[in-house]
Amino acid sequence: MSRQGRYRKFRSVGSVLPRVLKGLKLDKVLAAQPAVTLWPEIAGARTAAHTRAVEVDGGTLVVVVDSPAWMAQLRFLKPQLLKKIEGRVGKGLVRDIRFVLGQGPGVVNSEE
């Protein structure tokens, strides 16, 4: 086999990666990740001051909330938030939101 013939079998990573990700069922996982970075825009400034999206796990956006009162409020807002996420990220990529009580970077403790 000629040297040129061997190199023709190689493909760029960019041309193979989408197929590999789909085969590993990671394509939807990666497509849903913008929900984390877009959370402040989706939730709005007031809500974002008390929350922080941390990950998308199996189609569920995990959001850390700084107080039980905000967690209760967000449970009522969940349907509207899911519609906003769908409009920004795409249909079916984020199917639920799980609110967890805690603190971390970007989550302000309202009692401070």
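The values are calculated or read from the model by the stated rules, or taken from the named source; none is laboratory data. Predicted, not measured: the structure shown is a model, and the values here were computed from it. All Cβ positions, even for glycine, are placed from backbone atoms using ideal geometry, and neighbour counts span all protein chains on display.
The test for being surrounded by fewer than 17 Cβ atoms within 10 Å (Cβ to Cβ), outside any loop (DSSP other than H, G, I, E, B) and modelled with pLDDT of 60 or more holds for PRO79.
Select from segment 46-67 the residues that are closer than 21 Å to GLY92 by Cα and in contact with a Lys or Arg (Cβ under 6 Å, 6 or more places away or on another chain) and list them in ascending order.
At the first step, the residues of segment 46-67 found to be closer than 21 Å to GLY92 by Cα are 53-63.
Within segment 46-67, GLY59, THR60, VAL62 qualify.
Among the residues that make up segment 43-52, is at least one of them farther than 23 Å from GLY102 by Cβ, loosely packed, with under 11 Cβ neighbours inside 10 Å, within 19 Å of the chain's Cα centre (by Cα) and at pLDDT 85 or above? Let's see the steps before the verdict.
Taking segment 43-52 first, the residues farther than 23 Å from GLY102 by Cβ are none.
No: segment 43-52 contains no residue that is farther than 23 Å from GLY102 by Cβ, loosely packed, with under 11 Cβ neighbours inside 10 Å, within 19 Å of the chain's Cα centre (by Cα) and at pLDDT 85 or above.
I'd like the residue in segment 58-72 that is out of contact with any strand residue (DSSP E or B) (no Cβ under 8 Å at 6 or more places or on another chain) and either among the aliphatic types (A, V, I, L, M) or modelled with pLDDT of 95 or more (or both) and, out of all such residues, is nearest to ALA35 (Cα to Cα). Steps first, answer last, please.
Taking segment 58-72 as the starting set, the residues that turn out to be out of contact with any strand residue (DSSP E or B) (no Cβ under 8 Å at 6 or more places or on another chain) are 58, 69, 72.
Now narrow it down to the ones that are either among the aliphatic types (A, V, I, L, M) or modelled with pLDDT of 95 or more (or both): 69, 72.
Details: ALA69: 23, ALA72: 21 Å.
Within segment 58-72, the match that is nearest to ALA35 (Cα to Cα) is ALA72.
Against the numbered list (1) farther than 16 Å from VAL36 by Cα; (2) touching a residue at least 40 places away in the same chain (Cβ under 8 Å), ARG88 comes up short only at (1).
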